[in-house]
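Presented below is the structure to which this report refers.
The values are calculated or read from the model by the stated rules, or taken from the named source; none is laboratory data. As the structure is a computational prediction, the values presented were derived from the model and not from experiment. Ideal geometry is used to build each Cβ from the backbone, glycine not excepted, and the neighbour counts take in all protein chains shown. What goes into the accessible areas is simple: the full protein's heavy atoms, side chains included, and nothing from ligands, DNA or RNA. Shrake-Rupley method; radii C 1.70, N 1.55, O 1.52, S 1.80 Å.
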Amino acid sequence: MVVEHRVEQRVEKREAVTQSQLEDVKTQNSDLQAQSVSPPAELSVRLVNGTTSCSGTVEVFYRGEWSAVCSGWWSMRDVMVVCRELHCGDAVAVNQEALVEEGRRGVAIKSCRGHESTITECGFREGGPGYCDGRNYHYVICSDLQAQSVSPPAEHSVRLVNGTTSCSGTVEVFYRGEWSGLCSSWWSMMVAKVVCRELDCGNVVAESRGPLFEHNTRGVRLSSRCSGNEYFIRQCDNRGGPGYCFGEYYHHVICSESVRLVDGAGLCSGRVEVKSDQSWASVCEADFDRQDAEVVCGELGCGAPAALQGGLYGGGEGQTSDKEFQCKGNESLLLDCDTSDRENNTCLPGNAVGLTCSEPDDVRLVGGDSRCAGGVERYDQGEWRTVGTLSDVKDIAAVVCRHLGCGSTVSVPPGNPARGFEASCSGSESSLRECPRSYDRSPGLTVICSESVRLVDGAGLCSGRVEVKSDQSWASVCEADFDRQDAEVVCGELGCGAPAALQGGLYGEGEGQTWDKEFQCKGNESLLLDCDTSDRENNTCLPGNAVGLTCSEPDDVRLVGGGSRCAGGVERYDQGEWRTVGSDWDQRDVAAVVCRQLGCGSAVSVLPGNTTGAHGVVCDGTESALRECVITFDRHSGLTVICSSVQPDISLTDSMGGVSRGHQGPEVFRGYSFTITCSTQPQYPGGSFLLTFTCSNRTQTQPAVNHSAAFLFPAADDSHQGNYRCVYDNYGFSHNFSSESELLSLTITASPLPAFIIRHVVVLLILLTAITTSYLYYKPTRRQKRVNRVSSVDLYVNAMEMVSLSSRAEAGPGEERAAQGTE
């Protein structure tokens, strides 16, 4: 009975505890219910009508209700912030959805930078009912970290199919629940590089055109270009979507599987890393020699090894391979080489091996006088193909010359009339295969490069830091070893005009070696390497002394038949004769380049030229000279250009020493005369200059004589203080030309001494100098001395009288009385 009683007591006690716990749970539930009915925070965000909690249409809680988000343009940076705020992982995609219902309240989000924690940090443009009329919803997909194990592939993820390995094949993109082919009119190794990185497949080895899309086959268009630094295709800010790809091609990519080069400047340089147990590891310098490097360069589709050094491209952050490679140099893959365990299983910091391979021999110039001149061809899919373009001529030529190790671009003459595959470069690429290309047919491109000298980091073809080629590498030149005669040879070799500026550090320092010779050109040599050289006395070049050179543009463009050097039909000097230039499109851009090259201001009008066939020209308007534009063999009607006058110059002079340079600009002493001169470059005959004064309505006008006019002010006073400007007006070719100079700010100040005292002192000094000179160089008789003394006294008296008269004529009333008192 006692036992039963104790059991009953325990049961009652347990029931009491359970009842207490239930009461606590009820209290907690009531608290949760209270929380659930409280409104969301103002301007919080949610995704609705999606397939998961981390996908759907974006809405923002605004003034007590969920409102549409209807910004005109959304980027992946905005999506990153939404996903971060909702704790939904990475941004995957953003799509434009249906139109917002008419009359619905909406919110527009300002552009996010991608680092914000919430959308509110990006800023809003708030609107009332009807604010979103005519705009669209935005549909967002985040990676949803909690559902990744069971969720389908991420939107816009990629895969390679029908290849020989998991790292080769045709590119497909997952879009809206299915895998689709990727079609793009522009494709490059940079896009393929991102594909390989996303698939964790090492470096891109090759990319090629696949078969044509089947009729009525839908694919995903890649309408943006990757830089090559992205980790995923979706990070290329792609604005593509589904569409019919009929008439376009699939793209085939081959990536390396077990080796890659990272943190390098291009596709063929970087720190060597090998794949081991699904992770990447750096290689120690002691475990890797030139024969190993030859295998890696070959496996990655590059040329022979050029540099091999520990720490060349950083130390790496991950693990280090514990194997020593023992390649013979003829293996196809690094994993085909024998390996052995490292004797000492440590690799000191800074010893992760870096490798630079030369670029592959897949570009050549044909039909020229040397390997650095001719029509551009690229080896592609087993044959040499012509390369053409309708834009980016200067940038493509720079990449070709760099790829071939041929220095700077000298000229881009009209190319092969045969049309080639179109290329487009930014100018910074290491090789032509890094540039996007399309299969559209464009006029062939011909490039002439220098062989032993180049200008780098400049604004155009005729400016940059001077570098010369030595032992197959480029070296900067020290300012002390390079003078104007050397510069004349370089400018001539590069097809430019006379040197305009020569200065150390003008275009940076460069990162390589410095040339150890001093040039001794006479100025008439054809090539810099034809000049004599001598060893530098002091074998050091201080920082900031790498010589920079700016050459003027060549005199290979002119305007004829217009009565002025700035108006007429466009002609270009080519292959020993002047040829008519024409264009049926981009005429304003062509005219802008012509006027810029001639120093004739901006283009005023573009008129039809003569009807004789002319070489076609295509410019984008930013080029420094016409030779940087595309020149074709297509025949067009000639082009007539009228340029404006350039900005006139304004200057201040005086003949009495009354002008000084103050903190606020030029200063003129009160009572002194001064002259303001307006001038312009000789372009059009005649014209006039108007001198305006901002402190009053007073203006003066004079005709332009020898392209200038002088405005004389006899005596400065306080009313002359203010801002002056020259306005040049002219009329010609049925156009009024007008251009203004910069402002000249003039300050009138008191003279440190009265003007008449200064004039007396000046005259006395002149007399003293004359008397002293006569005494030193002549030995007159006593009688002559008396005559000379009398003459000197007379001369002094006459001079004093002239000074006094001029003082009274030029000085103000107060100064005149002071002068009379002094006398």
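Evaluate region 652-663: report whether one residue or more is under 38 Å from the mean Cα position of the chain (by Cα), assigned to a loop (DSSP other than H, G, I, E, B) and touching a residue at least 24 places away in the same chain (Cβ under 8 Å). Checked against the condition, which is being under 38 Å from the mean Cα position of the chain (by Cα), assigned to a loop (DSSP other than H, G, I, E, B) and touching a residue at least 24 places away in the same chain (Cβ under 8 Å), region 652-663 yields no hits at all.
The requirement of being at positive phi, in contact (Cβ under 8 Å) with a residue 40 or more places away in the chain, open to solvent by less than 80 Å² (accessible area, probe 1.4 Å) and not assigned by the TED database to the domain that holds Gly464 is fulfilled nowhere in region 510-522; no residue meets it. Considering region 152-181, and only residues there that are touching a strand residue (DSSP E or B) at 6+ places or on another chain (Cβ under 7 Å) and without any contact (Cβ under 8 Å) to a residue 40 or more places away in the chain, the residue that is surrounded by the most Cβ atoms within 10 Å (Cβ to Cβ) turns out to be Glu172.
Can you find, within region 545-557, the residue that is farthest from Pro499 (Cα to Cα) among those that are of a type outside the set (Gly, Ala, Ser) and either surrounded by fewer than 17 Cβ atoms within 10 Å (Cβ to Cβ) or within 21 Å of the chain's Cα centre (by Cα) (or both)? Step by step, filter region 545-557, then rank; the result is Asp555. In region 312-322, the count of residues that are in contact (Cβ under 8 Å) with a residue 24 or more places away in the chain and closer than 30 Å to Ser452 by Cβ is one or more.
If you take just the strands (runs of 3 or more DSSP E) that sit entirely in region 265-343, which of them hold at least 3 residues that are open to solvent by 40 Å² or more (accessible area, probe 1.4 Å)?
Numbers: elements: 269-276, 279-282, 305-310, 323-326, 338-341.
By residue number, 305-310, 323-326, 338-341.
The residue that is nearest to the chain's Cα centre (by Cα), among those in region 450-477 that are among the hydrophobic types (A, V, I, L, M, F, W, C) and open to solvent by less than 10 Å² (accessible area, probe 1.4 Å), is Cys462.
Among the numbered conditions (1) at pLDDT 80 or above; (2) at negative phi, the only one that His636 does not meet is (1).
Within region 464-496, the residues that satisfy the criterion of being of a type outside the set (D, E, K, R), within 21 Å of Ile396 (Cα to Cα) and in contact with a Leu (Cβ under 6 Å, 6 or more places away or on another chain) are Gly464, Val466. Of all residues in region 358-387, those being outside any loop (DSSP other than H, G, I, E, B) and under 13 Å from Gly405 (Cβ atoms) number 3. Taken together, Phe713, Phe669 contain a single residue that is more than 30 Å from Gly569 (Cβ to Cβ), over 44 Å from the mean Cα position of the chain (by Cα), touching a residue at least 24 places away in the same chain (Cβ under 8 Å) and buried (at least 19 other Cβ atoms within 10 Å of the Cβ), which is Phe669.
Only one entry of Asp486, Asp535 meets the criterion of being open to solvent by 70 Å² or more (accessible area, probe 1.4 Å) and either of a type in the set (Phe, Trp, Tyr) or on the phi < 0 side of the Ramachandran plot (or both), and that entry is Asp535. Within this structure, Gly492 fails the test of being on the phi > 0 side of the Ramachandran plot and either surrounded by fewer than 17 Cβ atoms within 10 Å (Cβ to Cβ) or in contact (Cβ under 8 Å) with a residue 12 or more places away in the chain (or both). Looking at this structure, is Glu383 free of Cβ contacts under 8 Å to residues at least 12 places away in the same chain, open to solvent by 40 Å² or more (accessible area, probe 1.4 Å) and at negative phi? The answer is yes for Glu383. For region 377-384, the count of residues that are touching a Gly at 6+ places or on another chain (Cβ under 7 Å) and either β-branched (Val, Ile, Thr) or over 25 Å from Val272 (Cβ atoms) (or both) is zero.
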